[in-house]
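Colleague: Structure incoming, see below.
Derivation of every value follows stated rules applied to the coordinates shown; laboratory data play no part. Everything quoted here is computed from the prediction, not taken from an experiment. Neighbour counts run over all protein chains shown; Cβ positions are idealised from the backbone, glycine included.
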Amino acid sequence: MAEPQPYESALDAIPGAHPYPRSSRYHDAEVGIHTQPDGTAVRYVKRRLLPPLGEADEDIATHTVSSGERPDHLGQRYFGDPAAWWRIADANPVLDPRELTAEPGEEIALPDGFPGGGGRFGR
Amino acid sequence: MADEPVGQGPIHLELRMGPKLTRPVPPEVTEALLSAQITTTAGERSGFQMAFDLTKKGAIIDRLLPEGFFDPRTRVIVTAAVKGTPIVLLDGLIVRHEIGASNQPGQTTLTVTGEDLTLLMDLEERTDRYPNLPPFKRVSRVLSKYTDYGIEADVIEEKILQPPNAQRRVDYQTGTDLQYVTDLAQANGYVFYLIPGPVAGVSTAYWGPEKRIGTPQHALSVNMDVNSTVDQLTFAYDGTAREEPQARWQDPATRTSTLLAQPDISPLRPPLGKRATPALKRKTLSGTAKKDRAQAEAEALARAAVSADAISGSGSLDVNRHGYILQPRQLVGVRGAGRTYDGDYYVKSVTHHLRPGSFQQNFTLTREGLIARSDTVRP
């Protein structure tokens with residue numbers, strides 16, 4: 001349980017103060033502060049761990065890659081936002097997002113039914 | 001695009017229900033959902049109403065209703081995702097349900113009504129004493145009882161510190177926890193509400209000043225031809241809304257009573273308009289003479305701050321056209337309403353109207369003065 005904070009810092013944790021918007025994959029990443037030897041504090045985003053992959057479910061939705069497709073095409077098609085391709089990359093263990101659509105005919109997994117419904121926050 | 005069942009559009013809805021731990025509802029329930037209406041207000045309890053189609057011999061009437069799936073105190077969580085970004089709209093409990101049986105086929109409906117999780121705090125009256133605890137510590141102690149529903153407390157120390165002294169005064173709670181916490185918030189010019197999210201099953205109980213600072217949400221555009229995102233927007237300017245509280249306080253040692261100075265409300269409510277509304281009314285607060293000086297000052301401040309919002313706006317928007325879900329209790333910009341009424345506003349309340357194929361929002365905005373402080377709003 002969070003401790004009560006003083007009034008002066010009450011408005012620090014303001015909505016929208018996070019450097020990344022809600023649709024970004026770094027929105028939930030923790031912001032750390034690194035103090036350099038000369039004492040200046042530098043804010044940085046801590047490493048984002050990929051959410052655990054769901055158990056190989058048989059009824060998980062898949063997409064068959066056709067030639068010429070790119071990850072952002074899939075983002076637009078399934079989420080209505082080309083910038084949301086990273087949700088599909090998260091659901092498939094790939095190192096480089098371009099690997100997702102590199103081979104036409106390959107089946108790739110789509111995030112579980114509802115975007116963000118499960119797994120994404122490691123809960 | 002007639003491809004995969006992952007989504008038919010950019011907006012997805014997820015409904016979770018269960019006694020305390022929720023899980024996604026069976027597909028029969030999702031298919032039967034006719035409409036959902038969710039109201040969220042700063043400083044007040046949120047409520048919801050959902051209507052389901054009740055087909056004869058359907059799963060709901062045959063199995064789920066008798067099993068108690070829609071019984072009172074069942075927890076409901078509604079999550080909406082716009083363009084793949086999930087936002088928890090509601091975390092609440094069912095209070096009542098109604099069945100409208102009709103002779104017309106397809107007109108029989110089940111209506112479920114409920115409130116957000118603060119209902120839990122309003123169920124039981126208790127008396128409790130809090131010796132030597134300032135208001136914010138009393139609030140955190142009350143809130144710590146509700147962690148098993150995933151409620152985390154976010155409590156801010158009060159603006160005018162009221163150091164307690166058990167030798168002179170011990171504060172008592174009578175009534176429900178919610179009443180007590182809300183009363184304490186009002187006495188300090190604060191608000192108390194529950195923020196659902198960021199993930200299903202978790203929510204934050206916030207006790208502190210209204211958050212009228214920070215990056216505003218994407219601006220509402222009105223009267224801008226094809227670029228308008230808001231269907232209609234009405235502004236009202238109530239000159240008598242703002243009042244100047246007069247609080248007298250008596251020094252117990254010397255028996256002299258003094259009129260307290262007018263409090264400065266700008267730390268509690270950073271001004272959003274350039275031309276502040278003058279206070280037309282003078283209101284004498286009763287009962288402040290016998291309180292502690294800090295308590296009397298806090299009450300005068302709370303009264304001055306709460307009455308400061310003279311300008312209110314209301315309107316409706318279509319989420320599909322706007323592209324974002326308007327969130328309550330945050331700032332938002334308005335453009336296209338003219339020099340006087342453009343600028344940033346605090347979103348006081350939002351009502352979500354969801355039905356298959358449409359997502360409408362009604363909202364109310366407030367601020368304390370006319371004319372925008374800056375030339376630009378966040379697009």
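Colleague: State all residues of segment B:141-173 that are surrounded by fewer than 18 Cβ atoms within 10 Å (Cβ to Cβ), more than 21 Å from B:A205 (Cβ to Cβ) and of a type in the set (V, I, T); if no residue qualifies, say none.
Modeller: Of everything in segment B:141-173, just one residue is surrounded by fewer than 18 Cβ atoms within 10 Å (Cβ to Cβ), more than 21 Å from B:A205 (Cβ to Cβ) and of a type in the set (V, I, T), namely B:V170.
Colleague: I would also like to ask the following. Looking at (1) touching a residue at least 12 places away in the same chain (Cβ under 8 Å); (2) more than 10 Å from chain A (Cβ to nearest Cβ), which is the only condition B:S102 fails?
Modeller: Among (1) touching a residue at least 12 places away in the same chain (Cβ under 8 Å); (2) more than 10 Å from chain A (Cβ to nearest Cβ), the lone unmet condition for B:S102 is (1).
Colleague: Hey, any hits in segment B:173-186 for a residue that's closer than 30 Å to B:L272 by Cβ, touching a helix residue (DSSP H, G or I) at 6+ places or on another chain (Cβ under 9 Å) and of a type in the set (F, W, Y)?
Modeller: No, there is no match, as no residue in segment B:173-186 is closer than 30 Å to B:L272 by Cβ, touching a helix residue (DSSP H, G or I) at 6+ places or on another chain (Cβ under 9 Å) and of a type in the set (F, W, Y).
Colleague: Kindly evaluate B:G197 against the criterion of being within 27 Å of B:H322 (Cβ to Cβ), of a type in the set (G, A, S) and in contact with a Pro (Cβ under 7 Å, 6 or more places away or on another chain).
Modeller: Details: within 27 Å of B:H322 (Cβ to Cβ): yes; of a type in the set (G, A, S): yes; in contact with a Pro (Cβ under 7 Å, 6 or more places away or on another chain): no.
So B:G197 fails the test.
Colleague: Something else now. Name the residue, out of B:S358, B:S374, that is closer than 22 Å to B:E14 by Cβ and free of Cβ contacts under 8 Å to residues at least 60 places away in the same chain. Reasoning before the result, please.
Modeller: Numbers: B:S374 fails: closer than 22 Å to B:E14 by Cβ.
When all the criteria are applied, what remains is B:S358.
Colleague: Ok, one more. Taking segment B:32-45, which residues are surrounded by 19 or more Cβ atoms within 10 Å (Cβ to Cβ) and part of a loop (DSSP other than H, G, I, E, B)?
Modeller: B:A42, B:R45
Colleague: What is the residue count in segment A:61-86 for residues that are without any contact (Cβ under 8 Å) to a residue 60 or more places away in the chain, assigned to a helix (DSSP H, G or I) and not aromatic (F, W, Y)? Let's see the steps before the verdict.
Modeller: In the first step, residues of segment A:61-86 are kept if they are without any contact (Cβ under 8 Å) to a residue 60 or more places away in the chain; the result is A:61-82, A:85.
If we keep only those that are assigned to a helix (DSSP H, G or I) as well, we get A:71-79, A:82, A:85.
Next cut, not aromatic (F, W, Y) only: A:71-77, A:82.
Residues flagged as without any contact (Cβ under 8 Å) to a residue 60 or more places away in the chain, assigned to a helix (DSSP H, G or I) and not aromatic (F, W, Y) within segment A:61-86 amount to 8.
Colleague: Which of (1) in a strand (DSSP E or B); (2) surrounded by fewer than 13 Cβ atoms within 10 Å (Cβ to Cβ) is the odd one out, the single condition B:K283 does not satisfy?
Modeller: Among (1) in a strand (DSSP E or B); (2) surrounded by fewer than 13 Cβ atoms within 10 Å (Cβ to Cβ), B:K283 violates only (2).
Colleague: Within segment A:93-113, track down each residue that is under 17 Å from A:Y78 (Cα atoms) and among the aliphatic types (A, V, I, L, M).
Modeller: If the condition is that a residue be under 17 Å from A:Y78 (Cα atoms) and among the aliphatic types (A, V, I, L, M), then A:L100, A:I108, A:A109, A:L110 are the ones that fit.
Colleague: Kindly provide the set of residues from segment B:294-308 that are buried (at least 22 other Cβ atoms within 10 Å of the Cβ) and touching a residue at least 60 places away in the same chain (Cβ under 8 Å), ordered by number.
Modeller: Scanning segment B:294-308 gives B:A298, B:E299, B:L301, B:A302, B:R303, B:A304, B:A305, B:A308.
Colleague: Sticking with this one: Suppose the filter is out of contact with any helix residue (DSSP H, G or I) (no Cβ under 9 Å at 6 or more places or on another chain) and crowded, with 19+ Cβ neighbours inside 10 Å; does B:G343 pass it?
Modeller: Values: out of contact with any helix residue (DSSP H, G or I) (no Cβ under 9 Å at 6 or more places or on another chain): yes; crowded, with 19+ Cβ neighbours inside 10 Å: yes.
Taking the combined requirement at face value, the residue satisfies it.
Colleague: Just to be sure before I move on: is B:R75 more than 21 Å from B:S349 (Cα to Cα), within 12 Å of chain A (Cβ to nearest Cβ) and under 27 Å from the mean Cα position of the chain (by Cα) in the structure I sent? Explain how you work it out, then say what you get.
Modeller: On the way: more than 21 Å from B:S349 (Cα to Cα): yes; within 12 Å of chain A (Cβ to nearest Cβ): no; under 27 Å from the mean Cα position of the chain (by Cα): yes.
Taking the combined requirement at face value, the residue does not satisfy it.
Colleague: Here is a further query. So is B:I325 within 14 Å of chain A (Cβ to nearest Cβ), β-branched (V, I, T), touching a residue at least 12 places away in the same chain (Cβ under 8 Å) and buried (at least 16 other Cβ atoms within 10 Å of the Cβ) or not?
Modeller: Numbers: within 14 Å of chain A (Cβ to nearest Cβ): yes; β-branched (V, I, T): yes; touching a residue at least 12 places away in the same chain (Cβ under 8 Å): yes; buried (at least 16 other Cβ atoms within 10 Å of the Cβ): yes.
Criteria met by B:I325.
Colleague: Here is a list: B:S316, B:S312. Which entry is surrounded by fewer than 17 Cβ atoms within 10 Å (Cβ to Cβ) and of a type in the set (G, A, S)?
Modeller: Working: B:S312 fails: surrounded by fewer than 17 Cβ atoms within 10 Å (Cβ to Cβ).
Checking each option against the conditions leaves just B:S316.
Colleague: What strands (runs of 3 or more DSSP E) completely inside segment B:113-232 contain at least 1 residues that are within 14 Å of chain A (Cβ to nearest Cβ), touching a residue at least 24 places away in the same chain (Cβ under 8 Å) and under 19 Å from the mean Cα position of the chain (by Cα)?
Modeller: Details: elements: B:128-130, B:151-155, B:171-173, B:191-196, B:203-208, B:217-221.
Passing ranges, in order: B:151-155, B:191-196, B:203-208, B:217-221.
Colleague: What single numbered condition from (1) assigned to a helix (DSSP H, G or I); (2) of a type in the set (V, I, T); (3) within 14 Å of another protein chain (Cβ to nearest Cβ) fails to hold for B:V29?
Modeller: The single condition B:V29 does not satisfy is (3).
Colleague: Does B:A80 meet the test of being part of a strand (DSSP E or B), under 27 Å from B:G197 (Cβ atoms) and over 22 Å from the mean Cα position of the chain (by Cα)?
Modeller: Details: part of a strand (DSSP E or B): yes; under 27 Å from B:G197 (Cβ atoms): yes; over 22 Å from the mean Cα position of the chain (by Cα): no.
Criteria not met by B:A80.
Colleague: Anything in segment B:55-77 that is out of contact with any strand residue (DSSP E or B) (no Cβ under 9 Å at 6 or more places or on another chain), without any contact (Cβ under 8 Å) to a residue 40 or more places away in the chain and outside any helix (DSSP H, G or I)? List them, or say none. Quick ask: steps written out before the conclusion?
Modeller: First, pick out the residues of segment B:55-77 that are out of contact with any strand residue (DSSP E or B) (no Cβ under 9 Å at 6 or more places or on another chain): B:55-59, B:62-64, B:66-68.
Of the ones still in play, those that are also without any contact (Cβ under 8 Å) to a residue 40 or more places away in the chain are B:57-59, B:62-64, B:66-68.
Those that are out of contact with any strand residue (DSSP E or B) (no Cβ under 9 Å at 6 or more places or on another chain), without any contact (Cβ under 8 Å) to a residue 40 or more places away in the chain and outside any helix (DSSP H, G or I): B:K57, B:G58, B:G68.
Colleague: Looking only at residues in segment A:92-113 that are surrounded by fewer than 17 Cβ atoms within 10 Å (Cβ to Cβ) and among the charged types (D, E, K, R), which one is nearest to the other protein chains (Cβ to nearest Cβ)?
Modeller: So, considering only residues that are surrounded by fewer than 17 Cβ atoms within 10 Å (Cβ to Cβ) and among the charged types (D, E, K, R), the one nearest to the other protein chains (Cβ to nearest Cβ) is A:E107.
Yes/no matrix, rows are residues, columns are (1) within 27 Å of B:E157 (Cβ to Cβ); (2) surrounded by fewer than 20 Cβ atoms within 10 Å (Cβ to Cβ):
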| residue | (1), (2) |
| --- | --- |
| B:V191 | yes, no |
| B:V202 | yes, yes |
| B:S228 | no, yes |
| B:T240 | no, yes |
| B:L260 | yes, yes |
